[in-house]
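**Student:** First the structure, then my questions, so here it is.
The values are calculated or read from the model by the stated rules, or taken from the named source; none is laboratory data. The structure displayed is predicted, hence computed values, not measured ones. Neighbour counts run over all protein chains shown; Cβ positions are idealised from the backbone, glycine included.
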Amino acid sequence: MPFNKQIKLKTAVLLPFVIIFLVTFGVIAFVQKGNYEQMVQDISNKQLTYLTNNVEQRLYNFLEEPFLANLNLSHNIGFNRLYQKGNTKKIEDFFHSNFSVLYQSISQMDVVGFGGINAEYVGFRKELDHNYTLMVQDRRTQNQLVIYQNNTISRDIRSVIENYDPRIRPWYAPVAESQKPMWSSIYTNADERQEITLSSLSPVFQDDQFVGVTVTDVKIDTFNAFLREMKHQTEADVYIFDEEHRLIAHSSAGGVVSWGTSLSPKGARLLTTENASPVIKASAQRFKQLKPSENTTNKNFVTYVNADRYFNKVTPFKDEFGVHWYIGVSISEPMLLGEVPYNQRNAWYIGLLISIFGIGIGYIAFNRITAPITSTASAAEHLARGDWTSPMPKSGNIYETSLLVHAFNEMANNLKASFKALRTQLVYDSLTKLYSREGLVESCSNLKNLNGCLFLIGIDKFRDINDSLGHQLADQLLIAIAQRLKSIFASDAYIARIGGDEFALYLPLVQNEQEIQDEAQRILQLFTTPYSMPNEPIAVNVSVGIVHNFDSSNMTVWLRNGSIALSNAKLDSTRISYYAPEMAGVSRKRTQMVTLLKVAIEKREFVPFYQPIVDLNSGEVLGAEALARWVSPELGLVPPTEFIPVAEESGLINTIGEQILVQACIDTVKGIEEGKWAFDFRMHVNLSVSQLSSYLFLPQLEEILRVTQLSPSNLALEITESKIVDNDPIILNNMVALKKLGIHIAIDDFGTGYSSLSYLHKLPFDCLKIDRAFVLQLNQDHLEESIVAAIINMMKGFKVHLIAEGIETQEQVELLHQLNCPQGQGFLFSKPIPYHEWPTNLVNMRQKTAN
Ligand code: C2E
Ligand code: CA
Ligand code: CA
């Protein structure tokens, strides 16, 4: 296939379509994805910032309120000089008066207390039942820390702690030192509540003297509640942690204090990465991985939990009193955008699905559109390969493809018709509708083996029949012959017309000798009755060449051998000839003959023999006919019947004819000079049509006459009747020219050509030679009805010589004499003899009769 590197129409159209689609889809997807990401970034940023700000603000307030309250307490103590060495009664009363208000407005506040420089302590603690209890250590309690059941000093004591010194407590010492308000570090309450606490601390100055520290505990756990509430509303996970990554508050369930792990011993705060919430855990882990230097500012980052994307923001939270924490917020993509990501994904899936569906539809539609083109192409390919039976393409519904298909079908049908016609022409003989030679060979090639019998039937002298009947009637004759053949032989016979006048008959089942002979007889019988033609019935003679028992599966070879057998039958006039391998030699000899003839021409081995032409009245010799003989040293004396046909076929006749003509002219001049022949002696020389139809002939003849000095009136040229009906203008022209020169023209073998006589008046001629066959037919009984009589009658008005040929008996002379035939020629008078024997051998010369 030369089309290997070419792509199909379908691919050529669909591929760019699909590529464009994919690229477009890809670009849109890319841009969309970019836009989406941008949007997600924007929204997440805003949301995270908003949430962080919210938490920040809340946390700030959460811490500020107790801090301010504590500042206020410390200021009032100092301002109102409530501190008295060893007695906290005034402070207790001040606290007491403030407490109910403070506790209600600032719910995260837990313990409010005061530690004095002389180890005094007074404080109130919020209890679970919303009551508050008093704690005092001063002179009134003998400097022991007494925790009462109620909020006044009474006998109802919960517990007493000895040797308690507030000044060494972690909330006192740093403030005593810095004398500035501050936050304590976070500490875990060692009680069962597992709460973590942060204390707001403030120094108390009375009369510019540092007298103690006020402490307000903030229970951070209450902030957890806020964060949980926030999570409930926003679904954001929030966690707050310190610089050690330990949790301060978070939005997930559970506390922040460890029950004991490898990383956090019991009572310590949990690390952020130990959080129960996988979201917070992931966020914290990711945050930890970030470079420490990056920790200082806001950090936005992304984590993945359960295939969901989480956006995270960690923001430092600081205040001027020593809090240095971080707020982490995590928010999930679905939460952030609601259904948007799902819808987005679904939209892509639907888009993709629709696109695939679209491509599918496109593919089907395109297939339908191109189907006629594709099928046309394939049909064309079939046609090109000579497969004429392939189905024709269907036109479909598209205007242009329909046009194409219609045009193609029309063209293909025309082609098919032409091809069929051509094949019919090739395979069948157009005239007889029998097989042609090729048709026979082809149809026999379908036979398994050739072991039947081949008959080649050649019509004798068909050329003459053709010439005399005219082509149309001769064609009718051939058709009639074909019909007879068809009607006689069985349907399994292969009948062909393999040449103008040759029929072939192959009988596959005829094998044995007897059958073959029977069939041959049947063939001959076909021609025993004449064929009725419009004017007259025509008798047709045939020769048959037979091939059988021949070992070749090739009908062409059979036919060649049949042809040899037929030639043999014709040459031998045996009518039937069986092919024998030796015959091939004969035909080969023909070819060799041509070579020999060429040599003979070179050696001038062709000589004319002369046969006298006699006046039938007086017996006087009026002239002679020059008849060519081949005097071969190897072959002996070869008669013209053996070499003239070969010479005519091969074109050598022109040279041979010329040699004979030259010699005849020389001999005539010589004969007249020597007195052998009278001065008006007329020498007849035979001319082949091939010579007469040559432009060279006339100048050649003039040259011969000039050289030999023969008078044109001593020369007659014989032209066979059957050969000149071709109406060849050159022949006619030459004949006219010959006549002008004064040369006689004789029509030879007159009558055999079945000539219609109508053309006779066109021909310039001086002499008619009645064919030997008619002379042979002459008998006394039907003399007047004889063809010779008819010819003689017909020619009465014309000034032509009539010469009867082939007179062998005295009786024939007698009959011709009765019919007033003036001249004759034949063995009765003399056989053709060489010049030098002339006239010694002239025998049986009829002397002029008296009457
Ligand atoms: P044709 O021109 O009809 O010549 C007459 C033939 O009849 C000669 O045969 C002659 O020998 C033969 N013949 C004459 N009298 C009798 C007779 O009483 N009985 C019988 N049975 N035959 C007789 P030939 O010489 O064998 O020539 C045969 C044909 O060869 C000639 O027929 C002519 O057509 C052709 N031919 C001979 N010489 C030439 C030639 O030089 N040029 C050409 N083109 N054709 C020639
Ligand atoms: Ca002759
Ligand atoms: Ca003749």
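**Student:** So the check is Cβ under 7 Å with 6+ separation or different chains; which pairs have a first residue in the stretch 638-649 that's not assigned by the TED database to the domain that holds Lys570 and a second one that's at pLDDT below 90 and crowded, with 18+ Cβ neighbours inside 10 Å?
**Tutor:** Matching pairs, first to second residue: Phe643/Met593; Val646/Met593.
**Student:** Considering only residues that are surrounded by 15 or more Cβ atoms within 10 Å (Cβ to Cβ) and of a type in the set (Ser, Thr, Tyr), which ones fall in the stretch 532-555?
**Tutor:** Ser543
**Student:** Just checking, which of Val160, Val215, Val136, Val146 is touching a residue at least 60 places away in the same chain (Cβ under 8 Å), in contact with a strand residue (DSSP E or B) (Cβ under 8 Å, 6 or more places away or on another chain) and under 24 Å from Asp93 (Cα atoms)?
**Tutor:** That would be Val215, the only listed residue that is touching a residue at least 60 places away in the same chain (Cβ under 8 Å), in contact with a strand residue (DSSP E or B) (Cβ under 8 Å, 6 or more places away or on another chain) and under 24 Å from Asp93 (Cα atoms).
Matching residues to (1) surrounded by fewer than 16 Cβ atoms within 10 Å (Cβ to Cβ); (2) within 21 Å of the chain's Cα centre (by Cα); (3) of a type in the set (Lys, Arg); (4) assigned to a helix (DSSP H, G or I):
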site	(1), (2), (3), (4)
Arg368	yes, yes, yes, yes
Thr376	no, yes, no, yes
Glu381	yes, yes, no, yes
Ser395	no, yes, no, no
Ser402	yes, yes, no, yes
Lys420	yes, no, yes, yes
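**Student:** Considering Lys570, Lys589, Lys598, which residue is away from ligand 2 (no atom under 16 Å from the Cβ) and either touching a strand residue (DSSP E or B) at 6+ places or on another chain (Cβ under 9 Å) or part of a strand (DSSP E or B) (or both)?
**Tutor:** Matching residue, one of Lys570, Lys589, Lys598: Lys570.
Residue by residue, here is whether (1) outside the structural domain of Pro166 (by the TED database); (2) within 24 Å of Thr197 (Cβ to Cβ); (3) assigned to a helix (DSSP H, G or I) holds:
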| position | (1), (2), (3) |
| --- | --- |
| Ser44 | yes, no, yes |
| Ser74 | no, yes, yes |
| Asp93 | no, no, yes |
| Asp110 | no, yes, no |
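**Student:** Given the conditions (1) more than 19 Å from Ala647 (Cβ to Cβ); (2) surrounded by fewer than 19 Cβ atoms within 10 Å (Cβ to Cβ); (3) within 16 Å of ligand 2 (Cβ to nearest atom), and given that Ile747 satisfies all but one, which numbered condition is not satisfied?
**Tutor:** Evaluating Ile747 over (1) more than 19 Å from Ala647 (Cβ to Cβ); (2) surrounded by fewer than 19 Cβ atoms within 10 Å (Cβ to Cβ); (3) within 16 Å of ligand 2 (Cβ to nearest atom) leaves (2) as the failure.
**Student:** Condition test on Ile481, is it aliphatic (A, V, I, L, M), within 30 Å of Ile724 (Cβ to Cβ) and either in contact with a His (Cβ under 6 Å, 6 or more places away or on another chain) or touching a residue at least 60 places away in the same chain (Cβ under 8 Å) (or both)?
**Tutor:** The answer is no for Ile481.
**Student:** On to the next question. Might you let me know whether the stretch 718-728 holds any residue that is modelled with pLDDT under 90, more than 16 Å from ligand 2 (Cβ to nearest atom) and among the β-branched types (Val, Ile, Thr)?
**Tutor:** The answer is yes, given that some residue of the stretch 718-728 is modelled with pLDDT under 90, more than 16 Å from ligand 2 (Cβ to nearest atom) and among the β-branched types (Val, Ile, Thr).
**Student:** Within the stretch 400-437, track down each residue that is in contact (Cβ under 8 Å) with a residue 40 or more places away in the chain and not hydrophobic (A, V, I, L, M, F, W, C).
**Tutor:** Asp429, Thr432, Lys433, Tyr435, Ser436, Arg437
**Student:** Also, quick follow-up: Identify all residues within the stretch 7-28 that are within 19 Å of the chain's Cα centre (by Cα) and of a type in the set (A, V, I, L, M); write none if there are none.
**Tutor:** Of everything in the stretch 7-28, those that are within 19 Å of the chain's Cα centre (by Cα) and of a type in the set (A, V, I, L, M) turn out to be Ile7, Leu9, Ala12, Val13, Leu14, Leu15.
**Student:** Considering each of Phe357, Phe311 in turn, give the residue that is at pLDDT 85 or above and farther than 30 Å from Asn61 by Cα.
**Tutor:** None of the others qualify; the one that does is Phe357.
**Student:** Oh, and also: Determine whether the stretch 471-480 contains at least one residue that is in contact with a Leu (Cβ under 6 Å, 6 or more places away or on another chain), among the β-branched types (Val, Ile, Thr) and either part of a helix (DSSP H, G or I) or modelled with pLDDT of 90 or more (or both).
**Tutor:** No: the stretch 471-480 contains no residue that is in contact with a Leu (Cβ under 6 Å, 6 or more places away or on another chain), among the β-branched types (Val, Ile, Thr) and either part of a helix (DSSP H, G or I) or modelled with pLDDT of 90 or more (or both).
**Student:** Can you find a residue that is touching a residue at least 60 places away in the same chain (Cβ under 8 Å), out of contact with any His (no Cβ under 6 Å at 6 or more places or on another chain), closer than 30 Å to Gln823 by Cα and among the β-branched types (Val, Ile, Thr) anywhere in the stretch 617-633?
**Tutor:** Within the stretch 617-633, one or more residues are touching a residue at least 60 places away in the same chain (Cβ under 8 Å), out of contact with any His (no Cβ under 6 Å at 6 or more places or on another chain), closer than 30 Å to Gln823 by Cα and among the β-branched types (Val, Ile, Thr).
**Student:** Another question about this same structure. On the given criteria, is Gly452 under 20 Å from Ala493 (Cβ atoms), touching a Pro at 6+ places or on another chain (Cβ under 6 Å) and not basic (Lys, Arg)?
**Tutor:** Answer is yes for this residue.
**Student:** If you take the residues of the stretch 835-851 that are modelled with pLDDT of 85 or more and loosely packed, with under 15 Cβ neighbours inside 10 Å, which of them is nearest to Val669 (Cα to Cα)?
**Tutor:** Looking at residues that are modelled with pLDDT of 85 or more and loosely packed, with under 15 Cβ neighbours inside 10 Å, I get His836.
Yes or no, residue by residue, for (1) more than 60 Å from the chain's Cα centre (by Cα); (2) within 16 Å of Ala746 (Cβ to Cβ); (3) within 16 Å of ligand 3 (Cβ to nearest atom):
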site: Gln780; (1), (2), (3): yes, no, no
site: Glu784; (1), (2), (3): yes, no, no
site: Val788; (1), (2), (3): yes, no, yes
site: His801; (1), (2), (3): yes, yes, yes
site: Val813; (1), (2), (3): yes, no, no
site: Leu819; (1), (2), (3): yes, no, no
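**Student:** Taking the condition of being closer than 25 Å to Asp464 by Cα and surrounded by fewer than 14 Cβ atoms within 10 Å (Cβ to Cβ), how many residues in the stretch 496-520 meet it?
**Tutor:** The total comes to 1.
**Student:** Among the candidates Ala268, Ala253, Ala282, single out the residue that is loosely packed, with under 12 Cβ neighbours inside 10 Å and over 19 Å from Thr49 (Cβ atoms).
**Tutor:** None of the others qualify; the one that does is Ala253.
**Student:** Every residue in the stretch 601-613 that is out of contact with any His (no Cβ under 8 Å at 6 or more places or on another chain), in contact (Cβ under 8 Å) with a residue 12 or more places away in the chain and not in a helix (DSSP H, G or I), please.
**Tutor:** If the condition is that a residue be out of contact with any His (no Cβ under 8 Å at 6 or more places or on another chain), in contact (Cβ under 8 Å) with a residue 12 or more places away in the chain and not in a helix (DSSP H, G or I), then Arg604, Glu605, Phe606, Val607, Pro608, Phe609, Tyr610, Gln611, Pro612 are the ones that fit.
**Student:** Further question: Out of (1) within 12 Å of ligand 1 (Cβ to nearest atom); (2) touching a Gly at 6+ places or on another chain (Cβ under 7 Å), the odd one out for Ser713 is which?
**Tutor:** The single condition Ser713 does not satisfy is (1).
**Student:** So, one more: Does Ser755 satisfy the condition of being within 16 Å of ligand 3 (Cβ to nearest atom), in a helix (DSSP H, G or I) and at pLDDT below 85?
**Tutor:** no
**Student:** Name the single residue, out of those in the stretch 766-777 being without any contact (Cβ under 8 Å) to a residue 40 or more places away in the chain and either outside the structural domain of Leu622 (by the TED database) or of a type in the set (A, V, I, L, M, F, W, C) (or both), that is farthest from Lys740 (Cα to Cα).
**Tutor:** Leu776
**Student:** Can you tell me which residue in the stretch 676-703 is nearest to Ile656 (Cα to Cα), limited to those that are away from ligand 2 (no atom under 13 Å from the Cβ) and hydroxyl-bearing (Ser, Thr, Tyr)?
**Tutor:** Ser690
**Student:** Now, a different point. Please tell me if Thr529 is in a loop (DSSP other than H, G, I, E, B) and either aromatic (Phe, Trp, Tyr) or within 14 Å of Gly458 (Cα to Cα) (or both).
**Tutor:** no
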